[in-house]
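Notes for the one structure printed next.
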């Protein structure tokens, strides 16, 4: 039986491998359909195959890898069905979150979003796509937290992860990031005004942005999709 120290060491190694592969997949360094070998990854990190297998399993649970018995593991292609389901769930959750937020919103809440929005605008001007992506996550997390629904962000985050790779393709253009920023700005104002109708309308508009991205990417890169 493994000692606690051995278990912690293995878990740490698996996390390192997972973090590396996750970043490579969501940034499209590893494109959909790319084949991955447990042996090659283990050799690269100078570890046994078990932590690599653990990382693969976690990535599969997030629909980022496709593990097939007796066949090569590969980066999972985009699935229209999974993307649509993720959008549906996220929309339902975010609509309820902003409704809750409007009922409890205070000036200090508005200040927290204002600071985030200022940084969003700054990184857009510098064309720092990756940092904008992080601030986008933080913006939605803040709303969940300030609305008194912090656990809702776990669901939102899970849904976002399923389409992160598409978002990265879209955010590669500065104009797309600016459009998302404008949605964020409008949502912050609606929350400050405690205007439920305006807030829910912005959420619907904001989440519909991905539709055009999906259509565009599907037309240009049909081989990225199942």
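Any read-out appearing in this document is the output of simple, stated calculations on the displayed coordinates, not a laboratory observation. Keep in mind that what you see is a predicted model, and the values were worked out from it rather than measured. Every residue, glycine as well, gets a Cβ built from its backbone with ideal geometry; the counts of neighbours run over all protein chains shown.
A few notes on this one:
- Computed E for residue 89/residue 212 - FRET, C-beta separation, R0 22 angstrom, nearest 0.05: 0.65
- Nearest-ten-degree value, helix 49-61 long axis tilted from longest Cα axis of the chain: 40 degrees
- Comparing mean-square fluctuations of 126, 189, 178 from a GNM of the chain with C-alpha springs under 10 Å, the top value falls on 126.
- Proxy reagent accessibility, fewest Cβ within 10 Å first, across 184, 85: 85, 184
- Once the C-beta distance of residue 219 and residue 106 is scaled by a Förster radius of 41 Å, the resulting FRET efficiency is 0.35 to the nearest 0.05.
- All-pairs alpha carbon distance profile, the chain, 10 Å steps from 0, percent: 7, 29, 31, 21, 10, 2
- The chain, relative contact order in percent, only Cα pairs under 8 angstrom and at least six apart counted: 24 percent
- Taking the longest Cα principal axis of the chain as reference, the axis of helix 107-125 is set at about 60 degrees.
- Angle in degrees between helix 4-26 and the longest Cα principal axis of the chain, rounded to the nearest 10: 60 degrees
- Using R0 = 30 Å, the C-beta based FRET efficiency linking residue 77 and residue 182 works out to 0.45.
- The chain, helix-only ellipticity at 222 nm - DSSP H runs n ≥ 4, -39,500 (n - 2.57), divided by all residues, nearest 500: -25500 deg cm²/dmol
- Theoretical gain in end-to-end length, residue 61 to residue 157 [0.36 nm per residue, Cα-Cα removed]: 33.2 nm
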